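Okay, structure first, notes after.
The values are calculated or read from the model by the stated rules, or taken from the named source; none is laboratory data. Just so it is clear, the model here is predicted, and its values are computed rather than measured. Every residue, glycine among them, receives a Cβ derived from its backbone with ideal geometry; neighbour counts consider all protein chains shown. With ligands, DNA and RNA removed, areas are computed over all heavy atoms of the protein, side chains included. Shrake-Rupley method; radii C 1.70, N 1.55, O 1.52, S 1.80 Å.
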Amino acid sequence: MKILDTKFVKGFIKMADDGFQQGWHERNGGNLSYRLKEEEVMEVMPRLSNNDEWHDIGTSVPTLAGEFFLVTGSGKYFRNISVDPEVCITIIEIDSTGDKYRIRWGLAEGGTPTSELATHLMNHEVKKAVTGGKHRVIYHAHTTNIIALTFVLPLSDKVFTRELWEAATECPVVFPKGVGVVPWMVPGGRDIAIATSELMKKYDVAIWAHHGMFCSGEDFDLTFGLMHTVEKSAEILVKIFSMSGKHQTITPDNFRDLAKAFHVELPEEFLYEK
Ligand code: 2HA
Ligand code: ZN
């Protein structure tokens, strides 16, 4: 089957385009990765090339040895992904040690996988383990309102989770585990990858202060929907703080009632009295 005709590639391209339409991907901002299922690897195998050498990932992901990923290219613009996917995205293979990768398809005019490859792969490694292999998508976007909030709210998981939950009733149902916050760090390397993947053991959302957000999920719809929900809530918060602040809100007991009605567990650590 033509690689561009496969369902997972089409889903990946649609998600990238949806993110661009939201205004989350100025210039080459943001990156996306998807861990292929075995049957998807088989589907595309006849069309993969074999001529790239192995390159260092910059970190070690031994539990992803032999896996294939569809990822955005470093320096590529989300705006162009739907126009010229073969130039902007790539299928990579991880070697048998988990230290190296090679390009098997895409980046037709040259290039390398996303500059945040270490964070993507370390997040995949954590999520593969904690979800029993269910999570396959890691998404990074420069979501305007979440970034704005990181200049105003204390950079703590507790405060961000509670404020985001309070700004829209569906939030605790969509991300009941809460969100984690990484303080400002240099992007594109192993240190920020380690900090982010630590948070991904507990949460599906990691906010990068003054930079953006990472989300993890089972498929493109759930992962995009998660990013969209968190960012929508952040937009409401920015509007609230731009007016006169809250005059009434959802209370800790309201959240407990919500948890019962929607059969979700909301950790008490986020239901503190203010
Ligand atoms: O430019 O978003 O974090 C891609 C990025 C780096
Ligand atoms: Zn970024």
| note | Stokes-Einstein, Kirkwood over Cα pairs, the chain, 25 °C, 0.890 mPa s; D in µm²/s equals 128
| Solvent-accessible surface (1.4 angstrom probe) belonging to residue 139, in square angstrom, nearest 10 | 0
| Using a basic spin-label model with each label point 7 Å from the Cα along Cα→Cβ, how many nm lie between residue 27 and residue 177? | 3.3
| query | If one computes the Cα centroid of segment 221-274 and of segment 104-149, what distance in Å separates the two points? | reply | 25
| request: Send over a whole-number figure in Å² for the accessible area per residue of the chain, probe 1.4 Å. | output: 46
| note | The ³J(HN,Hα) series, computed from each phi in segment 81-97 with the Karplus coefficients 6.51, -1.76 and 1.60 at θ = phi - 60°, rounded to the nearest Hz and given as x for glycine or proline, is 4, 6, 7, 9, x, 4, 8, 9, 10, 8, 9, 10, 10, 8, 6, 6, 9
| Helix-only [θ]222 nm of the chain, DSSP H runs n ≥ 4, -39500 (n - 2.57) each, per residue, nearest 500 | -12000 deg cm²/dmol
| field | Candidate lysines for bridging to residue 177, where Cα separation is under 25 Å - those fewer than 8 sequence places away on the same chain excluded | value | 127, 128, 134, 158, 201, 202, 232, 239, 246, 260, 274
| query | Once the piece of chain linking residue 256 and residue 239 is laid out straight, how much longer is it, given 0.36 nm per residue of separation minus the C-alpha distance between them? | reply | 3.5 nm
| task | Could you please report the charge total around residue 23, scoring K, R as +1 and D, E as -1 over all other residues with beta-carbon less than 15 angstrom from its beta-carbon? | result | -2
| said: Relative contact order for the chain: what percent, with Cα pairs under 8 Å and sequence separation of 6 or more? | reply: 18
| Going 7 Å from the Cα of residue 112 in the Cα-to-Cβ direction, what parts of segment 1-41 have a backbone nitrogen less than 20 Å from that spot? | 28-34
| field | Kirkwood-based shape ratio for segment 52-184, expressed as Rg/Rh from alpha carbons | value | 1.03
